[in-house]
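For reference, the structure discussed in these notes is given below.
The values are calculated or read from the model by the stated rules, or taken from the named source; none is laboratory data. Please read these numbers as outputs of a predicted model, since none were measured by experiment. Cβ coordinates were reconstructed from backbone atoms using ideal geometry, including for glycine residues, and neighbour counts include every protein chain displayed. We work out accessible area using only protein heavy atoms, side chains counted, and drop any ligands, DNA or RNA first. Shrake-Rupley method; radii C 1.70, N 1.55, O 1.52, S 1.80 Å.
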Amino acid sequence: MDMSVYNNNLEEACAKFRAILEKQLVRVENMKAQGDFTDYDALDTIKIGICGGDGIGPTISAEAERVLRFILSDLEDAGKISFTTIDGLTIENRIAKGKAIPDDVMDALLACDVILKGPTTTPQKGSGMPNIESANVAMRKALDLFANIRPVKVPEEGINWVIFRENTEGGYAVGSSGFNVTEDLAVDFTITTKQGSDRIARLAYDYARKNGMTRVSLVTKANVIKTTDGNFLEDCHKVGDLYPEITTDEWYADIMTAKLVDKKRRKDFQVLLLPNLYGDIISDEAAEFQGGVGTAGCANIGKKYAMFEAIHGSAPRMVNEGRAQYADPCSMLRACVMLLNHIGYTDRGAKLERALDICMFEEKKLTITGRDTGATCREFGDYVMETLKGL
Ligand code: IPM
Ligand code: MG
């Protein structure tokens, strides 16, 4: 076969590939040079940015902000905590500016210490919208939020899982930089670095140790994706060796999705540690057992910044059908628990968690159905605050 007809395509592809690799090598150097985690105690004021997003985002974020301010009111009055509203992370504005995160929004984000973020719409190829990168993914990368932590709890079934999803690498690192080599041939890339695997693994094992958990399950497809997943596995094991009291086991992502529906086996899982894409998929499956993605929040943790959000999307259909006020704020309230814990107010975090468990699982005076058959987002927020007062 005469390859010379493809010479131009191949040269172009090699140049693009080189540019991708160069950027990733810069990222590796930056990781090597990175300092320690922010010490929130040492800050005069912890700046919390509230970034509503779009779709149902502004509704559920506003409710979460109301509850958070209620919990932190004394600290806000004392100047230890400040709140800023960050507008402009809407799909309309992002399309108008042609950027995943418009510059002024990025500046506002960078001026905060932690961010509570509502869901944002992610345009998909062929949807008719410009194919800009997901705002979530862009923010995770720009603020180097390398750990996505997603707890799932179903107390009556003994389920208490904490999913540690690597958040800046894998299929997401250059997810928007794949290209068509020829009309017929397309490529995307998946990326693993030693530093990237090491830092997420350390956080996962540390969490297990601090919380008395005894098992970390590594989830990959290293039987097929041999190099990147293989390296991830190897680097996680190296970290695991530093925690002799914790058992490490390995699962392939396909069988893990199956085992999570196995009622007898699934309660034995504790911490799951996974590359980005498997973490994305398995965390949605896991959240379904707890009542759906609408009930699940997550923490995106980096050394300098941290961002807390729902694990679900912006549900534009609810808005189009006039149902935004019935959106479930529980995912964002769970994210607030993680925010409070992260900035060092663990007693307040525990209280909010307790109130949410009462409202969502135990007392259940109000139910959210997403329609006028259930409570509104605001009514649920009031219910949570009333419950907090009694604790
Ligand atoms: C999530 C979401 C995002 C992701 C989307 C919206 C890009 O599914 O936070 O899990 O894939 O990470
Ligand atoms: Mg997801």
| Only one of these conditions is not met by I81: (1) more than 30 Å from K263 (Cβ to Cβ); (2) within 16 Å of ligand 1 (Cβ to nearest atom); (3) open to solvent by less than 10 Å² (accessible area, probe 1.4 Å). Which number is it? | (2)
| said: What are the pairs with Cβ atoms under 6 angstrom where one residue, in segment 185-211, is touching a residue at least 12 places away in the same chain (Cβ under 8 Å) and the other, located anywhere, is part of a helix (DSSP H, G or I) and among the charged types (D, E, K, R)? Sequence gap at least six, or different chains. | reply: K194/D235; S197/D235; D198/D235
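Residues checked against (1) part of a helix (DSSP H, G or I); (2) in the same structural domain as V384 (by TED's automatic domain parsing); (3) open to solvent by 10 Å² or more (accessible area, probe 1.4 Å); (4) of a type in the set (S, T, N, Q):
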| site | (1), (2), (3), (4) |
| --- | --- |
| E309 | no, yes, no, no |
| R317 | yes, yes, yes, no |
| Q325 | yes, yes, yes, yes |
| S331 | yes, yes, no, yes |
| A335 | yes, yes, no, no |
| L339 | yes, yes, no, no |
| So which of D198, D144, D184 ends up being at pLDDT 95 or above, more than 25 Å from R354 (Cα to Cα), assigned to a helix (DSSP H, G or I) and among the charged types (D, E, K, R)? | D198
| said: If I115 satisfies all but one of (1) at pLDDT 95 or above; (2) over 14 Å from the mean Cα position of the chain (by Cα); (3) not polar (S, T, N, Q), what's the number of the condition it fails? | reply: (2)
| task | Enumerate the pairs (first residue in segment 224-250 and touching a residue at least 12 places away in the same chain (Cβ under 8 Å) and within 24 Å of N211 (Cα to Cα); second residue anywhere and in a helix (DSSP H, G or I) and open to solvent by 100 Å² or more (accessible area, probe 1.4 Å)) with beta-carbon separation below 7 Å, excluding pairs fewer than 6 apart on the same chain, so at least 6 apart or on different chains. | result | D235/K194; V239/R202; Y243/R209; I246/R209
| task | Examine segment 142-161 for a residue that is under 17 Å from G98 (Cα atoms) and not small (G, A, S), and state whether such a residue exists. | result | no
| note | Scanning segment 177-205 for residues that are over 18 Å from the mean Cα position of the chain (by Cα) and open to solvent by 60 Å² or more (accessible area, probe 1.4 Å) gives N180, E183, D184, L185, A186, D188, T190, K194
| Number of the exception - K221 against (1) over 24 Å from A135 (Cα atoms); (2) out of contact with any strand residue (DSSP E or B) (no Cβ under 7 Å at 6 or more places or on another chain); (3) of a type in the set (K, R) | (2)
| task | Can you work out which of the residues in segment 298-307 that are assigned to a strand (DSSP E or B) and touching a Phe, Trp or Tyr at 6+ places or on another chain (Cβ under 8 Å) is nearest to ligand 1 (Cβ to nearest atom)? | result | C298
| request: Scan segment 368-377 and give yes if some residue there is in the same structural domain as S73 (by TED's automatic domain parsing), part of a helix (DSSP H, G or I) and of a type outside the set (G, A, S), otherwise no. | output: yes
| request: Would you please name the residue that is surrounded by the fewest Cβ atoms within 10 Å (Cβ to Cβ), looking only at residues in segment 257-298 that are under 25 Å from Q195 (Cβ atoms) and away from ligand 2 (no atom under 16 Å from the Cβ)? | output: V271
| task | Hey, can you tell me all the residues within segment 143-163 that are closer than 17 Å to Q290 by Cβ and open to solvent by less than 30 Å² (accessible area, probe 1.4 Å)? | result | N148, I149, R150, V152, V154, I159, W161, V162, I163
| field | helices (runs of 4 or more DSSP H) completely within segment 1-119 that count 2 or more residues being in the same structural domain as L356 (by TED's automatic domain parsing) | value | 57-71, 73-77, 91-97, 103-110
| request: Being touching a Lys or Arg at 6+ places or on another chain (Cβ under 9 Å), within 16 Å of ligand 1 (Cβ to nearest atom) and not hydrophobic (A, V, I, L, M, F, W, C) is the filter; apply it to segment 308-344 and report the residue that is farthest from I48 (Cα to Cα). | output: R317
| Restricting segment 95-106 to residues that are open to solvent by 10 Å² or more (accessible area, probe 1.4 Å) and within 21 Å of the chain's Cα centre (by Cα), which is nearest to D41 (Cα to Cα)? | M106
